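Below: one structure, written as C-alpha cells.
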Amino acid sequence: MFARKIGDRVLTFGVSGLLYQSNVLMYDHQTESLWSQVLQEAVAGPMTGTTLKTLKSTVTTWEKWRRRFPETLVLSTETGFDRNYSQDPYEEYYQSKRGLFGFLRPGPDADEKRMVAGVKVNGAAKAYPLDLLREKTTVRDQVNNSTLVLRYDAGTDELVITGNDGEEISYITAYWFVWRNIHPQTELYSVPDR
C-alpha cells in the first residue's frame, strides 16, 4: 500500500492491466505514468523515477481484521456492475502451486510461488518467506551490515521489521519469483544451520 501524495500532488491510482516482471503495473490518472509496485517507483511516463512511500499494511483474514477493528465499514457491493463480489477471481491462482505459463517457458513452481516479505536495506535486497516467519514468529538477521528483527503476530497476521536503531523498515509482500525477477541480486532467507 502506498501514499497517494507525492510532493504537493495527490494522485489517483488505477490498475493498468499491464505486467512488468510478472507484477501488475499501476497507473495514475493525472499523468498516466506507469508504476511498479515492487520497485515502488514510476517506470514509464512523466513521473519515471519518482518513488512511492510505502504505507504499513497487513495481509490477513476478514475474521482477524474484524476482531481487531469491529467498527470497520465495508464498501457496498452495489456498484452498478453485474459481478459476484463474494468470489475472488484469482482464488484458484492463489491456491495453485503453479503459476501462469509463459510463452517460452513454464510458469513458477510451488517454491517460487512462496509469499515473501521483501526488504531493501542500504541498497541490498532480501526476502523472508511468510510461512517461515509464521512458524518462528521472531527472526534476527543481518542485511548489508544492518541487524533486522522481524516479528510476526499470528493473532493479527501483522509483521513488523525493525532496524539497528529500532526504526521500522518497510517491506513489500510479493511472490518470491516476482521479488527475485525485479531484484535479481536478492537473497532468500533460510533458517541458519545450528
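Output the number of residues of region 1-14 satisfying the condition of being open to solvent by less than 60 Å² (accessible area, probe 1.4 Å) and either touching an Asp or Glu at 6+ places or on another chain (Cβ under 9 Å) or not in a loop (DSSP other than H, G, I, E, B) (or both).
Start the filter on region 1-14 by keeping residues that are open to solvent by less than 60 Å² (accessible area, probe 1.4 Å), which leaves 2-3, 6, 11-14.
Then drop every residue that is not either touching an Asp or Glu at 6+ places or on another chain (Cβ under 9 Å) or not in a loop (DSSP other than H, G, I, E, B) (or both), which leaves 2, 6, 11-14.
Total satisfying the criteria: 6.
How many residues does region 41-66 hold that are in contact (Cβ under 8 Å) with a residue 24 or more places away in the chain and assigned to a strand (DSSP E or B)? Steps first, answer last, please.
Going through region 41-66, the residues in contact (Cβ under 8 Å) with a residue 24 or more places away in the chain turn out to be 47, 50, 52-61, 64.
Those still in the list that are assigned to a strand (DSSP E or B) too: 54.
Counting residues in region 41-66 that are in contact (Cβ under 8 Å) with a residue 24 or more places away in the chain and assigned to a strand (DSSP E or B) gives 1.
With the requirement that a residue be in contact with a helix residue (DSSP H, G or I) (Cβ under 8 Å, 6 or more places away or on another chain), assigned to a loop (DSSP other than H, G, I, E, B) and open to solvent by less than 40 Å² (accessible area, probe 1.4 Å), what does region 15-40 give you?
If the condition is that a residue be in contact with a helix residue (DSSP H, G or I) (Cβ under 8 Å, 6 or more places away or on another chain), assigned to a loop (DSSP other than H, G, I, E, B) and open to solvent by less than 40 Å² (accessible area, probe 1.4 Å), then VAL38 is the only one that fits.
For PRO70, state whether it is modelled with pLDDT of 95 or more and open to solvent by 70 Å² or more (accessible area, probe 1.4 Å). Even if it seems obvious, please write down each step before you answer.
Numbers: modelled with pLDDT of 95 or more: no; open to solvent by 70 Å² or more (accessible area, probe 1.4 Å): yes.
No.
Would you point out the residue of region 167-181, among those that are open to solvent by 50 Å² or more (accessible area, probe 1.4 Å) and outside any strand (DSSP E or B), that is farthest from ALA117 (Cα to Cα)?
The residue in question is GLU167.
How many residues are within 23 Å of GLN185 (Cβ to Cβ), part of a strand (DSSP E or B) and within 18 Å of the chain's Cα centre (by Cα) if we restrict to region 119-158?
Qualifying residue count, region 119-158: 10.
Just a yes or no: is a residue in region 78-89 part of a strand (DSSP E or B) and at pLDDT below 90?
First, pick out the residues of region 78-89 that are part of a strand (DSSP E or B): none.
There is no residue in region 78-89 that is part of a strand (DSSP E or B) and at pLDDT below 90.
Among the residues of region 41-65, how many are farther than 23 Å from ARG151 by Cα and surrounded by 14 or more Cβ atoms within 10 Å (Cβ to Cβ)?
8
The values are calculated or read from the model by the stated rules, or taken from the named source; none is laboratory data. The shown structure was predicted, so the numbers you read here are calculated from the model rather than taken from an experiment. Reconstructed Cβ throughout: ideal geometry from the backbone, glycine too, with neighbour counts over all protein chains shown. These area figures cover heavy atoms from the full protein model, side chains too; ligands, DNA and RNA do not enter into them. Shrake-Rupley method; radii C 1.70, N 1.55, O 1.52, S 1.80 Å.
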